[in-house]
Amino acid sequence: MKKLLLLGLLTISLTLTAQTDQRIYDIIDAVSAERIENDVTKLANFGTRHTLSDTVSRTRGIGAARRWIKSEFEKTSQACNGCLNVFYQKDLVKKGANQRIVHDVEVVNVLAIQKGTKYPNRYIIMSGDIDSRVSDPTNFTDDSPGANDNASGMAGTLEAARVLSKYTFENSIIYMGLSGEEQGLFGGGGVAQYAKDQGWEIIGIFNNDMIGNIKGVDGIVSNTDFRIFSEPVPPNETEEQRRARRFYGGEVDGISRQLARYVHKTVKTYMPEMNPMMIYRLDRFGRGGHHRPFNDAGFAGIRIMEAHENYTQQHQDIRVDDGIAYGDVLEHVNFEYAAKLTAVNAINLASLAWAPPAPKEVKIGGIVEPSAKFQWSKVDGAKGYKIYWRDTTSPTWDNSRYVGDVTEFTLEGIVIDNYFFGVSAVGANGFESPVVFPNGIFR
Ligand SMILES: [Zn+2]
């Protein structure tokens with residue numbers, strides 16, 4: 001009896017330790033608000049980083065800014081024996097491509113790739129933006145510090161690279177500065193196309209756009225709330241997939257939504273002091289961000305950002321009007337908060353980069369039967385699999401069962417009609433892939 005109890009306790013403690021990993025806590029602790037402050041300050045001091053601004057000056061304009069970003073990634077790489085491959089990805093955008101492109105311009109992005117040891121062609125991406133703007137989106141000469149929009153996301157990305165380059169991962173991580181965001185999401189479009197051309201398998205992108213403001217125009221001040229935007233289903237799904245949804249579900253279970261749930265769960269596990277708000281939409285109402293071109297290309301992608309925006313401090317000429325100080329200037333950025341959201345990114349980059357791929361095929365059965373049944377394709381490198389299910393009205397995967405190294409399973413007594421289901425792959429290190437919503441049916 002005593003022996004049995006002991007064994008029981010041992011099993012419980014083993015299971016518990018497998019659920020968290022000390023390295024994730026170390027990553028959270030390693031993110032520095034001070035370094036983020038230095039980087040946001042440096043970026044804001046380039047005067048303007050407008051996509052169409054000066055590229056020759058060494059102190060002002062987007063050219064100086066991107067050269068500095070590249071040199072920072074290179075410094076990080078030197079500190080890890082060249083673990084980052086740093087390069088520019090660029091596309092020429094012709095005058096008149098839209099109304100905001102008033103002269104020909106090279107849209108130049110900076111990429112830093114940390115190659116994975118086991119799945120080098122699989123990439124998880126963190127991005128921030130290099131460019132900034134003022135009231136008139138074509139004004140490329142006036143001061144446009146873009147401290148929060150989006151030096152904060154760029155600085156967070158530089159910092160995540162510094163922290164994570166101390167580790168090795170099974171999948172590749174890309175730290176990325178994008179340009180042309182304010183002119184029409186050109187940089188993201190360029191990299192998404194580049195990824196397709198290279199045949200990269202994209203696990204997902206975390207687009208960080210404004211991660212430093214804690215005082216909202218709504219009067220709320222919060223240094224724990226933040227938002228995770230994700231679209232419900234991919235825009236490039238087939239007519240057949242769209243039709244199937246009507247009968248088999250999946251309206252709120254696209255790949256970007258699963259990525260959002262993944263981030264939500266990791267934060268709830270490791271940073272319980274934070275309040276991640278999953279927002280069930282592509283982006284803010286009628287507005288855009290750099291995850292969208294990746295979504296358009298069929299890749300999973302989400303936007304991570306502050307919860308309470310202040311519109312007097314974004315896309316504004318620096319001025320005082322009616323006693324209100326307008327402008328996206330340094331003093332509105334809360335660097336401790338930006339560090340927290342950087343940690344949110346870093347722990348999710350690490351978790352996904354340490355995880356095996358998700359099963360490609362997941363089939364579900366059990367129509368007019370008492371139990372739901374599953375079959376899935378084997379994943380190279382997985383120790384086992386987890387079946388998840390939730391009430392159809394729940395946003396989160398509330399129930400799960402680890403089923404070991406099998407490729408089919410029956411959830412006895414769980415009726416298919418009453419829940420939504422998914423399957424993830426689990427690595428020997430305990431890290432998990434995103435959940436895959438069933439993409440096939442069997443009898
Ligand atoms: Zn903006």
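Looking only at residues of region 111-136 that are open to solvent by 30 Å² or more (accessible area, probe 1.4 Å) and within 14 Å of the ligand (Cβ to nearest atom), we find that the one that is nearest to Asn207 (Cα to Cα) is Arg133. Number of residues in region 54-71 that are open to solvent by less than 10 Å² (accessible area, probe 1.4 Å) and under 22 Å from Gly327 (Cβ atoms): the value is 4. For region 170-189, the set of residues classified as under 14 Å from Lys90 (Cβ atoms), open to solvent by 10 Å² or more (accessible area, probe 1.4 Å) and not aromatic (Phe, Trp, Tyr) consists of Gly189 only.
Restricting attention to region 93-122, the residues that are touching a Leu at 6+ places or on another chain (Cβ under 7 Å) and part of a strand (DSSP E or B) add up to 6.
Within region 300-314, which residues are open to solvent by 10 Å² or more (accessible area, probe 1.4 Å) and either assigned to a helix (DSSP H, G or I) or in contact with a strand residue (DSSP E or B) (Cβ under 9 Å, 6 or more places away or on another chain) (or both)? Selection gives Ala307, His308, Asn310, Tyr311, Thr312, Gln313. Residue count for region 352-387, restricted to those that are of a type outside the set (A, V, I, L, M), assigned to a strand (DSSP E or B) and open to solvent by 10 Å² or more (accessible area, probe 1.4 Å): 6.
One residue is enough: does region 110-129 have a residue meeting the conditions touching a strand residue (DSSP E or B) at 6+ places or on another chain (Cβ under 7 Å) and without any contact (Cβ under 8 Å) to a residue 40 or more places away in the chain? No - not one qualifying residue is present in region 110-129. Selection within region 262-299: residues that are in a loop (DSSP other than H, G, I, E, B) and among the acidic types (Asp, Glu). The member of this set that is farthest from Ala338 (Cα to Cα) is Asp283.
Name the residue that is nearest to the ligand (Cβ to nearest atom), counting only residues in region 207-232 that are out of contact with any helix residue (DSSP H, G or I) (no Cβ under 7 Å at 6 or more places or on another chain) and either assigned to a strand (DSSP E or B) or under 21 Å from Arg390 (Cβ atoms) (or both). Filtering region 207-232 for residues that are out of contact with any helix residue (DSSP H, G or I) (no Cβ under 7 Å at 6 or more places or on another chain) and either assigned to a strand (DSSP E or B) or under 21 Å from Arg390 (Cβ atoms) (or both), the one nearest to the ligand (Cβ to nearest atom) comes out as Asn207.
In region 76-110, of all residues being within 26 Å of the chain's Cα centre (by Cα) and among the acidic types (Asp, Glu), the one that is least open to solvent (accessible area, probe 1.4 Å) corresponds to Asp91.
The values are calculated or read from the model by the stated rules, or taken from the named source; none is laboratory data. Because the structure is predicted, anything quoted here is derived from the model rather than measured. Heads up, the Cβs are rebuilt from the backbone with ideal geometry, glycines too, and the neighbour counts pull from every protein chain shown. Accessible surface is based on the protein model in full, side chains and every heavy atom, while ligands, DNA and RNA are left aside. Shrake-Rupley method; radii C 1.70, N 1.55, O 1.52, S 1.80 Å.
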